[in-house]
Amino acid sequence: MQYIDVAVALPVNHLYTYRVPEDVEEQIQPGQRVLVAFGKKYLAGYVVRLAETPELEHVKDILDILDAEPIVTPNILRLTEWIAEYYCCSWGIAIKAALPTGIDILHSIRVHLRMPPESDRAMQDFFDDLPLRVSGGMQKKILAILRQSPTISLADLQKKVGKKRLHASLHALERQGLIELEDVVALGKMQAKTLQHAVLLASEILPSDLDNLENHAPNQMAVLNILRERFPDGLPIVDLQEMVKFDPRSALKALTQKGYVQTYPKEIQRRPGGYFAYQKTPPLLLTPEQRQVFEQIHAAINSNQFAPMLLHGVTGSGKTEIYMQAIAYLLTLKRRAIVLVPEISLTPLLVSRFLSRFENNVAVLHSGLSTGERYDEWLRIKRGEVDVVIGARSAIFAPMERLGLIVVDEEHEMSYKQDSEPRYHGRDTAVMRARLENIPILLGSATPSLESYYNSQTNKYQLLTIKERVDARPLPTVEIIDRRRDRSQHLFSNTLEQAIRDVLARGEQVLLFLNLRGFANFYLCQECGFVYDCPRCNVTLTYHASTHRLQCHYCDFSRLPPVACEQCGSPNVQYRGIGTERIEQDAQLLFPEAVVTRMDRDTVSGKNAHYTILRQFDQGEIDILIGTQMVTKGHDFPNVTLVGVIAAEIGLNLPDFRSSERTFQILTQVAGRTGRGHLGGHVIIQTYNPLHYAILAAQQHDYLTFYAREIVFRQQLNYPPFSRMINIVLQGEDELFTRDLAQRLCEDLRRADSRKLTVLGPAPAALTRLRNKYRYQILLKSQQSLYMRTFAKEQVELFRKTVALKDVQILVDVDPVSLL
Ligand code: ADP
Ligand code: ZN
Ligand code: ZN
């Protein structure tokens, strides 16, 4: 008898043992999905290993084997097992996260009878022979149905024959060459993608017509102007829509009827950020510093073993070029690479550099892909059709064989951590995968996380350094403006305003950064001081001028601003504070001749919006780009000679021990966006906190000084990297009940151990209330990571079993990156 251990994608901490019926015993392999009866339901589970005969008396049979071949490779199985163990979550949920969502769509399979015999007679013989050639009633039943209709969808077939053993029988038949299974999901996406374009037909337009449009059809006029002045060769209508900020279709229709414009579908290359042409680029001649780093990576690749490296290279030092050359070398060895980037939609130009170098040998996994497209890319990888995978966090699960190198770009980014189960860290999981595969891994950043740099100091990671920018271009000069001395209420200090004027006069570009979107980050009564909060979360509402509404940035709540104070009735209610929208408005007023564009979550809702804005900026169509941290990512625009930080202290006031680190990183990164060309660069940081060491270190581009100061503080308070943490959050709608539960769990934890770990709390979370749920947190801190994880897992499990939680959820976050 064959038994298997099955993981299910439910929040449970253990595996389930099932028996494999004899007739399908040969087909079973770890990494396949099986259909099992689970309680009263049918469920697809993952076979994680073949099991010994269990001690239980009653073990259920599996009902079906869903995959012909394992869909989870052995290394991914081990990696997800590690995730489940390390991040205290269900192995099944970890496996599910490692697979593309499209793979769950099982009914999109069509079944074809292969080689239908010519005559009825031959067909009869064929079927008469069957009992000798195939075993099992199910297979025979299926063939009998196919004889009636040679092509049938899986869903229809299932209606006729039932679920049990359906896939296993189909796969057996397929192996014998009797039928063919066609995966419609995979096929659907191979059709070429087209995108509706608009192009100008008539270049001469009668002045009287223009007057007419100008006066009576402003939308048509706006569209026409864009086409005439900026895109004489036409452009995708989605791009047009981004620019005009209204739906241009009716305007286009009218213009088409007048014979000015034509719209037509044009084939595009569907790639990150949408569609863009790329030309193959040859490798650049490395600078001596780059060369030295490259040699070390080269040696690590040749050594053929696990070798974690941290590449600390200042912004603009050419890290991407090194990644690409290391990968090019790897390809000559017939090995493959995974490149992780924090948020792929924000880095379309980086991805395009990879596409330009490696062309179709790159698979790109990004959130803009449809389910089908994503599945398609995954299949290309699984079949070994590409050698380079580039993608965000989950690309670490790419089912590649012969992996030879993993690159994690901007390794310090907190978006590598997933904030829902499984709460894994993409970078740390990458290190684990490299260890399992026994290959080198390269973590790169201009501002490494304290954890990674500490690892390089304790020789866990090999440190590679680039101190200079390419071509010895100087790092930009950074000027700090002390806003405490500046009594003006303007968002732009005189210095910043003048600097922008100078840059615009020279025809160069400006980037302005503020990490607050909206118009003003609070709304209050001038009389009684009442501040308008979200009724569901305890955060202030942000005033958005474009919608004239107060919006919550943590849930979808929004409302009209009050006309009179709801507390005291005074009409003296007003917005206060700042936001990117307000900067955009002020900038437009101060510099009326400049093209000002804003890039934040409110303006980039469309699928390709980031890319469109970045491309326009790159092509010099925008003079001043304003944005949230989206604009700080690794863009490379040589014509940007001024970066302005409107209020540098914003992140510093967050109640999180990493707030200084984060502020230093973000300021250094945004400063790094300038001075990338021969024009040089200058940075102006406005702040009310000009003496803070994070700001001063960023001014000097001095990572080492920042690190030296910060690491002492971490050590004194026993924070990571000197300890590990687990954040346990309890959330529920009843405040008192949730708090009581948190209190009880906390007492249990303290009682169970008070020596090897510290239990802090329970305390209201910094966001005490979120989407109508009250949140309490308990923080565990210890130097013994494994011990603490095991402890937390056992205790929480015990608590769940013995205490009635009602609607209260307990979230366990190992190595939290945010304590809000
Ligand atoms: P980083 O990722 O370290 O911020 P990038 O990889 O974006 O830096 O490189 C900055 C710029 O320098 C890019 O435009 C890149 O093409 C260019 N560059 C990189 N290496 C070289 C080189 N060896 N010679 C010339 N230009 C280079
Ligand atoms: Zn009031
Ligand atoms: Zn809210």
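The calculated FRET efficiency for the pair Asn215 and Gln262, based on their C-beta separation and a Förster distance of 22 Å, comes to about 0.35.
Helix 137-148 versus the longest principal axis of the chain: what is the Cα-based angle in degrees, 0 to 90, to the nearest 10? Helix 137-148 and the main axis of the chain meet at about 80 degrees. Ordering Gln616, Ala594, Ser445 by Cα displacement along the dipole of the chain toward the positive end leaves Ser445 in first place; charges were set at the Cβ atoms of Lys, Arg (+1) and Asp, Glu (-1).
Rounded is the label for segment 288-471, because the ratio a/c of its alpha-carbon gyration tensor axes (a ≥ b ≥ c) stays below 1.5. Using the 1.4 Å probe convention, the accessible area of the chain works out to 45 Å² per residue with neighbouring protein chains retained. The relative contact order of segment 288-471, computed from alpha carbon pairs under 8 Å that lie at least 6 residues apart in sequence, is 38 percent.
Put simply, when 776-784, 422-430, 446-454 are sorted by average Cβ atoms within 10 angstrom per residue, most first, you get 422-430, 446-454, 776-784. Quick one: pull the percent of accessible area on the chain belonging to carbon and sulfur, 1.4 Å probe, ligands and nucleic acids left out. Taking all protein chains in place, the chain shows 49 percent carbon and sulfur surface. Counting only Cβ charges, +1 for Lys and Arg and -1 for Asp and Glu, the dipole size of the chain around its Cα centre is about 1020 debye.
Once a ≥ b ≥ c are taken as the square roots of the eigenvalues of the Cα gyration tensor of segment 468-581, is the result rounded (a/c under 1.5), prolate (a/b larger than b/c) or oblate (a/b not larger than b/c)? It comes out prolate by the Cα gyration axes.
Stretched out straight at 0.36 nm per residue, the stretch from Asp502 to Glu25 would grow longer than its current Cα-Cα span by 164.1 nm.
Which shape class, rounded, prolate or oblate, goes with segment 719-820 when its Cα gyration tensor gives a ≥ b ≥ c as root eigenvalues, a/c under 1.5 marks rounded, and past that a/b bigger than b/c marks prolate? It is oblate, given that a/c is not under 1.5 and a/b is not larger than b/c.
Cross-link reach is defined here as a Cα-Cα straight distance under 20 Å, omitting same-chain residues fewer than 8 places apart; for Lys266 the lysines meeting it are Lys189, Lys193, Lys253, Lys607.
Reducing segment 332-379 and segment 63-92 to their Cα centroids gives an inter-centroid distance of 23 Å.
Summarising the label geometry, the points placed 7 Å from Cα in the beta-carbon direction at Ala752 and Ala708 lie 4.3 nm from one another. Estimated from helices alone, the mean residue ellipticity of the chain at 222 nm is -10500 deg cm²/dmol (sum of -39500 (n - 2.57) over DSSP H runs with n ≥ 4, per residue). Put the Cα centre of segment 622-648 next to the Cα centre of segment 290-317 and the gap is 29 Å. Note down the Stokes-Einstein diffusion coefficient of segment 2-105 in µm²/s, whole number, using a Kirkwood radius over alpha carbon pairs, 25 °C, and 0.890 mPa s. It diffuses with D of about 179 µm²/s by this estimate.
Summing +1 for each Lys or Arg and -1 for each Asp or Glu among the other residues whose beta-carbon sits under 10 angstrom from that of Val341 gives -2. Can you give me the Cα centroid spacing of segment 380-424 and segment 678-753 in angstrom? For segment 380-424 versus segment 678-753, the Cα centre distance is 27 Å. Taking every DSSP bridge with both residues inside the chain, close to 60 percent are antiparallel. Shape annotation for the chain: C-alpha extents along the principal axes are 92, 81, 67 Å, from largest to smallest.
For the chain, with the dipole built from +1 on Lys and Arg beta-carbon atoms and -1 on Asp and Glu ones, taken about the Cα centre, which of Leu405, Cys552, Val817 lies farthest toward the positive end? With unit charges placed on the Cβ atoms, the residue in question is Val817.
Overall, segment 288-471 carries a charge dipole of about 420 debye about its Cα centre when +1 sits on the Cβ of Lys and Arg and -1 on the Cβ of Asp and Glu, all other atoms neutral. In this structure, Glu180 and Thr101 have a Cβ-Cβ separation that, at R0 = 30 Å, corresponds to a calculated FRET efficiency of about 0.75. With pairing defined as another cysteine C-beta under 4.7 Å, the cysteines of the chain that fail it are Cys88, Cys89, Cys555, Cys746. Would you work out which of Val683, Thr663, Gly569 lies farthest towards the positive end of the dipole of segment 545-688, given +1 charges on the beta-carbon of Lys and Arg and -1 on that of Asp and Glu, about the Cα centre? Selected residue: Thr663.
The values are calculated or read from the model by the stated rules, or taken from the named source; none is laboratory data. Nothing here was measured: the structure is a model prediction, and the numbers come from that model. Quick reminder, even Gly has a Cβ in these numbers, built from the backbone with ideal geometry, and neighbours come from all protein chains shown. Remember, those area values only see protein heavy atoms, side chains included, never the ligands or the DNA or RNA. Shrake-Rupley method; radii C 1.70, N 1.55, O 1.52, S 1.80 Å.
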